[in-house]
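Have a look at the structure below, then the notes.
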Amino acid sequence: MSVVVADDHPIVLRGLTEILRAQPDISVVAACNCGRDATAAIQQFVPDVAVLDIVMPDLNGLDVLSSIKRHGFKTSVVILTAVAPEDRVLAAMTRGAKGLLFKDAAPDNLVDCVREVAKGKLWFPNDPIGAARERETGPQAEIGALTPREWQIALLVSEGLTDKLVAEQLNLAESTVKSHLHNIYRKLGLPNRTALSARARALL
């Protein structure tokens, strides 16, 4: 699989690149130290995965992520961050990130994350981060009504996955997924998964 890596700290960038290049199934096609270079590399190579620091000069990781979505590239994005406040996790999910990884994660976690995201799976912190309870009106208010886990499920449903496939991707029981969906429908005032799919796509 091909990967673009971007971080404005040279030592971090080198470490990320060397960890990934040591894997026989991963090819790092570009290592960038700013958001503009990362955007250009993604446009040139259209990699399977982009690992993007959330804080970079000119364009941050979320800006690059938005550009990828706007241009319709199939590249899956992992956001790299030192901390993960709830608004940052929600912003990454809202803009279509497939994963979020702490900078102090073990090297094996980075490799596992990239491999899982390349398969179309999601990789977010295991410990639930409470969703924001007070949001501005509009789309952000709806997103803030859902927990990160519920938003993950909504995203997967919007991609056409059945309850069983959602459960497999998130390592949950199918009954747990059904329970989450019931809560999602109630919170968003939606009647079924078709309406949920349309709403989730509209919020991306």
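Every read-out reported here was derived from the displayed coordinates using simple, explicitly stated rules and does not represent laboratory data. If you're wondering where the values come from, they're calculated on a predicted model, not measured in any experiment. We place every Cβ from the backbone using ideal geometry, glycine too, and count neighbours over all the protein chains shown.
Where Lys and Arg each count +1 and Asp and Glu each count -1, what net charge lies around Asp8 among other residues with Cβ under 14 Å from its Cβ?
Residues close to Asp8 contribute a combined charge of -2.
With n ≥ 4 as the cut-off for DSSP H runs, can you work out [θ] at 222 nm for the chain, using -39500 (n - 2.57) per run divided by the number of residues, rounded to the nearest 500?
Value at 222 nm, helices only: -15500 deg cm²/dmol.
Kirkwood hydrodynamic radius of the chain from all distinct Cα pairs, in Å?
17.3
So what is the relative contact order of the chain, in percent, for Cα pairs below 8 Å that sit 6 or more residues apart?
Worked out over the chain, it gives 14 percent.
What number results when the radius of gyration of segment 139-203, computed over Cα atoms, is divided by 2.2 N^0.38 Å?
Cα Rg divided by the expected 2.2 N^0.38 Å: 0.99.
Could you derive backbone 3J(HN,Hα) for segment 145-150 from the dihedral phi with the Karplus parameters 6.51, -1.76 and 1.60 (θ = phi - 60°), listing whole Hz in sequence and x where the residue is Gly or Pro?
Per residue, the Karplus-derived 3J(HN,Hα) values read 6, 9, 6, x, 5, 5 Hz.
Can you check how the C-alpha radius of gyration of segment 2-118 compares to 2.2 N^0.38 Å, as a plain ratio?
0.93
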